Structures are given as C-alpha cells and as structure tokens.
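In what follows, a structure is listed as structure tokens, so that the remarks can point back to it.
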Amino acid sequence: MNLVETPAEAQKNQSYYNALVELLYQFADDDFIVSFRGSEWLGLAPHIEEDVAFSSITQNTMGHAFLFYQLLEDLGEGSADSLAHDRSASERRNAVYFEKVNGKGTYVEEPYYDWALTVVRQFLYETFKKVKLQAASRSSYEPLAHTAQKILMEQPYHLAHWKMWITQLHGATEEARMRIHSRLEEAWREILDALELGPLAEEMERQKLIKKEKDLQEEWQQSVEETLGFLPNIPLGKNLGNGRAKQHTKDLEQALATLTEVYVSDREAVW
Amino acid sequence: MYNLVEHGIYSENEQKEDPEKYEEFMARIEAGEKIEADDWMPDEYRQTLIKLISMHGISEIMGALPEKEWVPKAPTLKRKLGIMAKVQDEMGHGQLLLRVAEDLMAPYGKDRGDLMRDLLEGKLKFHNVFHMPTKTWADAGVIGWLVDGAAIISQTNMLDASYGPYQRALQRICAEEVFHAQHGEAIVMALAEGTKEQRAMLQDAVNRWWSALLMFFGPASASTTGSSKQEVTTKYRIRKSSNEELRQAFLDKYLPRVFALGLTVPDETAHYDEDKQKWIYKQPDWTEFKKIISNNGPRSKERLRLREIAYENNSWVREALAPTAAMS
Ligand SMILES: [Fe+2]
Ligand SMILES: [Fe+2]
C-alpha cells in the first residue's frame with residue numbers, strides 16, 4: 001500500500017477517507033474529553049506538586065486534541081474550533097468511560113471527586129494511547145504518522161506519571177489498595193469501547209491506517225499487566241455504551257455544555 | 001503580589017535578641033547583601049517574611065480557582081491552551097513560594113500542613129481579588145490583563161528584596177507574569193474589537209473589578225484599616241515603594257490604556273492632576289476590603305470550601321503516601 005501524503009490524496013478515495021476521519025475523530029474526541037475531566041481537578045489534587053504536574057498533562061492533552069482536530073480541518077471536515085465546540089454528543093466518538101464524571105458535585109461546587117477513579121482511568125487511558133499512537137506512527141496517512149510521532153515525544157512522560165501513581169497507591173495502605181481495585185474492576189466493565197476502533201475498524205486495518213483492533217487490545221493488556229502484576233479477573237465490557245458508535249451518556253452532555261458555553265454564545269464572533 | 005495586609009502575632013523577642021548581631025544584620029541588608037535561609041536573622045524579620053511569603057504563595061493557589069472556572073469554557077482551542085498554561089503557572093508559583101516559606105518556618109517546627117490548616121481556619125489570608133466572583137469570559141481577560149498587571153507592579157517592587165530565596169523566586173515569577181498579562185491583554189483586545197455584546201461584556205467586567213483593583217495595593221496608611229505592615233517591610237528592605245506609590249504606578253500604566261480602548265471606569269472623578277502629578281480617584285470602601293480579606297467576601301466561603309473538600313476527600317491519599325504506609 002502506498003503512503004498517502006496529503007489531504008487531497010486522501011479525499012480521492014472515499015472509503016479511505018471515511019475510515020481515516022473516523023479514526024481521527026476517535027483520537028481527537030478522546031483527548032478532548034480526557035483533558036476536560038483533568039481540568040476539572042485543578043486546585044483539587046492531593047497536593048500542590050500534583051496540581052502542577054496534572055495540569056501540565058491536561059494542557060498537553062488538550063494540545064494533542066488540537067493537533068487531531070487540525071488534521072480533520074485540513075481534510076475539509078470544518079474548522080478545528082467548530083469540530084471541538086460545535087458537535088453534539090451524538091456526533092462524538094470518544095469512549096464512554098472517559099466521559100464519566102469525576103465524582104459527585106461540579107468543578108465549582110462541592111466537587112467530591114475520586115482520586116482512585118482518576119488514577120485508574122488516566123493510567124489505562126495513557127497506556128492505550130501509547131499503543132494506539134505507536135501503531136498510528138506507521139500509518140499509511142503520513143500527516144497522521146507525523147502527528148503521532150510528535151505526540152509520542154511527550155506522551156510517555158504522562159504514562160510514567162500515572163504508572164507511578166497506580167503502583168504507589170496499590171502498594172500502600174489497605175484502603176488505597178481496595179479503592180484502586182474496585183475502580184479497576186469498574187473500568188474493566190466499562191472500558192471496552194475505548195479499546196475498539198468502531199464500525200469502520202476493518203476498513204482502517206485494510207487501508208493500513210492503523211493495526212488490527214485485537215492486536216492493539218492485546219498489547220494494551222500486556223502493558224497493563226506488566227505494571228500491575230495482575231489483571232482483573234472479569235471479562236472486558238462496555239456497560240455504559242459504545243462511544244465509538246456515537247452512543248453517549250448524560251455525562252458527556254454535561255461536559256459539552258461547559259466546554260462550549262462561550263463558543264456557542266456567538267459562533268461568528270472572534271474570541 | 002500580595003501585600004502583607006494583616007498582622008500576625010509578632011513575638012516581642014527583638015529586644016531580647018543580641019543587639020550586636022542585629023546591627024550586623026542591618027548593616028548587611030543596608031549594604032545590599034542577600035540573606036539566605038540558614039543565616040542569622042531577627043525574629044521580626046523571619047516572621048514578617050513568613051507572613052508575607054505564605055500569603056503570597058497561598059494567594060497564587062487560591063488565585064487559580066477563579067480562573068479555573070473559565071478554563072474549560074474558554075471559547076477556542078487556543079484560548080483553552082492559553083488559560084491552562086496560565087493557571088498551571090500560578091500553581092507553580094504557589095509551590096515555589098510555599099517551599100520558601102517552609103524553610104523559614106522550619107525552626108518553629110511548622111510545615112505546609114500547618115499553612116493549609118491556617119488557611120482553612122482563616123488565620124492565613126489570601127489576596128482580596130481572589131475572593132471575587134467571575135461572571136463572564138471577559139473576567140478571564142480582565143484578571144490576566146489588570147490583576148496580573150497589578151501583580152507585576154507590586155512584585156517588581158520586591159525584585160531586590162533582602163531575602164535571597166524570595167528575591168530569586170520573584171525573578172522567575174515576574175518573568176512568567178509578563179506572559180500572563182499578555183495573555184489577558186489578548187483576550188481583552190479581542191473583546192474590545194469585537195461585537196457590541198463582547199464590548200459590553202468587557203465594560204461590565206472592568207466595572208466589577210475596578211474597586212478590587214484599587215484595593216489590591218492595600219490601604220495608603222495604617223490608619224485606614226489599622227493593619228498595614230508596609231513600614232516593617234520597608235525597614236528590612238523587602239520592598240521599596242509604598243502602597244500608594246504602587247497604586248499610582250498602576251493607574252499611570254493602565255488607565256490611559258483603558259481609556260484608549262474606549263472603556264470607562266466607574267469613577268467619574270478619576271483623572272490625572274497635572275499640578276499634583278498624580279492620579280485622583282475615589283477611595284474604595286476600605287471597610288469592605290477588611291471584610292473581604294477576613295474571608296467574608298462574595299466568594300470567600302465557596303473558594304475555601306473547594307480546598308476544604310479537596311483536603312478531606314484526599315485524606316486517604318495522604319495516608320497512603322505517608323512514609324509508614326508502604327506494605328512490604
Ligand atoms: Fe502568579
Ligand atoms: Fe499570574
């Protein structure tokens with residue numbers, strides 16, 4: 001398969017184009033929502049050093065979303081800002097587990113957020129992101145390959161950060177271990193759509209845009225097990241729905257209402 | 001910046017301290033030497049620094065909260081990244097300053113946990129501007145442009161502070177604050193050049209922030225609120241200019257810019273008096289100021305509540321991180 005070097009080339013082949021934008025929406029929408037859940041934590045992390053580190057990761061992650069939305073913009077899907085701010089929940093491809101609220105309350109009032117959920121989610125997410133980016137760095141679509149390589153220059157630091165947290169908490173007090181365990185089992189029941197490539201998975205593989213879904217999943221599991229030394233003893237599920245097929249919960253609507261509040265107040269204005 | 005606005009309980013040790021050492025110390029700072037954490041210093045100096053630096057540090061941290069409200073709401077991806085970078089810097093400033101304060105507190109056997117408890121118990125104040133509500137996106141612009149602008153003026157005033165660790169922290173902080181002011185100015189410019197609604201939103205934000213900005217530098221003299229510490233900080237060469245001089249410098253720099261944008265301030269008397277060579281303005285309500293900094297401002301309770309919940313909610317994490325927690 002020849003490399004596709006430009007958006008114009010990608011546009012010539014409809015089935016290639018469709019699979020490509022589907023994949024890019026997954027990357028962009030995942031980072032966008034994960035960054036949002038991270039930004040809700042600002043000022044609420046267990047200590048100030050963590051606030052500084054976490055907000056740096058969150059900011060980088062929003063930067064990654066920006067890069068993916070830009071690839072979509074280059075392909076003629078609309079401006080990066082409108083893609084980020086002007087698509088309803090039913091158009092989003094992020095995995096449902098990533099949209100799940102951090103806990104009770106809102107980020108400005110009574111935020112009873114759970115650090116165990118965040119550590120588990122960020123760890124599982126960054127582990128998968130690395131696997132997926134590595135596969136994308138050899139993508140047939142060169143602009144995607146370049147973007148993936150660029151993100152891989154900093155993303156492993158994010159993963160290292162969450163590896164440290166999960167190992168430390170899991171090896172600490174009985175309470176910490178229990179909390180991590182129960183969030184891990186919950187994740188196992190809800191995260192499967194994140195590990196999938198959605199309805200166009202086969203076409204993505206056929207067009208050499210990315211690896212086979214099963215291989216990505218396997219690599220992810222191995223990597224998670226390497227860090228934890230075990231895996232939850234239950235089958236992976238998607239109990240909250242399938243985000244890759246644009247199914248979402250009201251948690252995403254809550255997030256989007258906040259993320260887009262100012263943008264939608266005047267779409268024509270220059271902000 | 002973060003003026004030292006409230007008295008702590010200062011010990012009366014000074015007279016009991018070795019007068020010779022005291023003279024030597026004063027000679028050093030008057031010669032422009034920097035004092036380091038392990039050097040001998042008068043108790044009053046140490047306590048003044050602890051109050052000043054812990055208030056500055058905690059204000060950086062509490063200051064991230066009003067802006068945080070607008071982080072996810074920022075209207076474009078670029079603005080989202082810009083405001084994220086800024087609040088992260090502010091947290092970083094807080095971290096840097098609390099470390100400086102912790103070193104000074106060490107001889108008293110106190111640490112950061114004590115500062116956090118003092119904050120929640122209302123013993124450690126944070127800056128008046130961070131007790132205020134944010135209503136619209138324009139507030140994010142005005143905070144960056146004018147609040148950070150005011151911070152630059154008062155921090156620059158201490159860039160040559162006699163205490164080395166603080167002075168060096170301020171060098172780094174001031175360099176970053178310049179970017180914050182630019183970030184704020186860019187937001188403000190876009191609104192000023194924008195639609196009628198955007199301009200109205202901006203004017204409204206300026207109106208609401210005006211008196212908080214005047215209060216920012218603290219009262220002109222101790223007689224106003226009975227609690228200005230500017231004399232001590234000047235004596236020890238921590239700061240140079242007085243509160244009023246700083247406020248004048250702020251008005252001098254920003255009022256012409258505000259007017260040039262076609263904006264107004266909610267004070268018809270505000271103008272530059274050529275004869276007196278200073279800005280004339282209506283005094284803000286200093287009783288209100290006292291109320292605000294004693295945690296009775298419009299958003300004081302809610303912002304403190306955020307830190308309180310974080311503290312309670314993460315107690316299991318702190319326990320897990322404690323040195324004794326690791327299971328073999
Ligand atoms: Fe700052
Ligand atoms: Fe700042």
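Before moving on, here are some points about what is shown:
- For the stretch B:82-101, the count of residues that are open to solvent by 10 Å² or more (accessible area, probe 1.4 Å), more than 10 Å from chain A (Cβ to nearest Cβ) and part of a helix (DSSP H, G or I) is at least one.
- Residue among B:ALA260, B:ALA310, B:ALA322 that alone is surrounded by fewer than 15 Cβ atoms within 10 Å (Cβ to Cβ) and within 12 Å of chain A (Cβ to nearest Cβ): B:ALA322
- The stretch B:271-282 residues that are open to solvent by 70 Å² or more (accessible area, probe 1.4 Å), paired with ones that are assigned to a loop (DSSP other than H, G, I, E, B) (beta carbon under 7 Å, 6 or more apart): B:LYS282/B:ASP267; B:LYS282/B:THR269
- Boolean, A:LEU259 is of a type outside the set (D, E, K, R), within 11 Å of chain B (Cβ to nearest Cβ) and assigned to a helix (DSSP H, G or I): yes
- Scanning the stretch B:202-221 for residues that are among the aliphatic types (A, V, I, L, M) and open to solvent by 50 Å² or more (accessible area, probe 1.4 Å) yields no hits at all.
Every residue, every condition in (1) part of a loop (DSSP other than H, G, I, E, B); (2) in contact (Cβ under 8 Å) with a residue 24 or more places away in the chain; (3) within 14 Å of chain A (Cβ to nearest Cβ); (4) within 11 Å of ligand 2 (Cβ to nearest atom), yes or no:
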site: B:LEU115; (1), (2), (3), (4): no, yes, yes, no
site: B:LEU119; (1), (2), (3), (4): no, yes, yes, no
site: B:THR134; (1), (2), (3), (4): yes, yes, yes, no
site: B:VAL142; (1), (2), (3), (4): no, yes, no, no
site: B:ALA151; (1), (2), (3), (4): no, yes, no, yes
site: B:ASP160; (1), (2), (3), (4): yes, yes, no, no
site: B:TYR166; (1), (2), (3), (4): no, yes, no, no
site: B:GLU176; (1), (2), (3), (4): no, yes, yes, yes
site: B:ALA186; (1), (2), (3), (4): no, yes, yes, no
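- Restricting the stretch B:172-191 to residues that are open to solvent by 10 Å² or more (accessible area, probe 1.4 Å) and away from ligand 1 (no atom under 13 Å from the Cβ), the residue that is farthest from the chain's Cα centre (by Cα) is B:ALA190.
- Selection status of A:GLU205, without any contact (Cβ under 8 Å) to a residue 12 or more places away in the chain, assigned to a helix (DSSP H, G or I) and within 14 Å of another protein chain (Cβ to nearest Cβ): no
- Residues of the stretch A:83-114 satisfying the condition of being over 27 Å from B:LEU304 (Cα atoms) and facing another protein chain (nearest Cβ under 10 Å): A:LEU83, A:ALA84, A:HIS85
- Among all residues of the stretch B:194-209, there is at least one that is away from every other protein chain (no Cβ under 14 Å), over 30 Å from B:ILE50 (Cβ atoms) and of a type in the set (Lys, Arg).
- When residues of the stretch B:71-81 are limited to those that are of a type in the set (A, V, I, L, M, F, W, C) and assigned to a helix (DSSP H, G or I), the one nearest to ligand 2 (Cβ to nearest atom): B:LEU81
- Residue satisfying all of: in the stretch A:141-165; among the polar types (S, T, N, Q) and farther than 18 Å from A:ALA53 by Cβ; most open to solvent (accessible area, probe 1.4 Å) among these: A:GLN149
- Residues in the stretch B:52-81 that are open to solvent by 10 Å² or more (accessible area, probe 1.4 Å) and free of Cβ contacts under 8 Å to residues at least 24 places away in the same chain were compared, and the one that is farthest from ligand 1 (Cβ to nearest atom) is B:THR76.
- Residue within the stretch B:313-327 that is more than 24 Å from the chain's Cα centre (by Cα), closer than 19 Å to B:ARG112 by Cβ and charged (D, E, K, R) present: yes
- Qualifying residue in the stretch A:166-179 (condition: outside any helix (DSSP H, G or I), open to solvent by less than 50 Å² (accessible area, probe 1.4 Å), closer than 25 Å to A:ASN242 by Cβ and not β-branched (Val, Ile, Thr)): no
- Residues in the stretch A:131-159 that are in a loop (DSSP other than H, G, I, E, B) and of a type in the set (A, V, I, L, M): 1 in all.
- Residue-level analysis places B:LEU104 outside the set of residues that are assigned to a helix (DSSP H, G or I) and open to solvent by 40 Å² or more (accessible area, probe 1.4 Å).
The values are calculated or read from the model by the stated rules, or taken from the named source; none is laboratory data. Quick caveat: nothing in here was measured; it's all calculated off a predicted structure. Ideal geometry is used to build each Cβ from the backbone, glycine not excepted, and the neighbour counts take in all protein chains shown. Just so you know, the surface numbers come from the protein's heavy atoms only, side chains and all, with ligands and any DNA or RNA stripped out. Shrake-Rupley method; radii C 1.70, N 1.55, O 1.52, S 1.80 Å.
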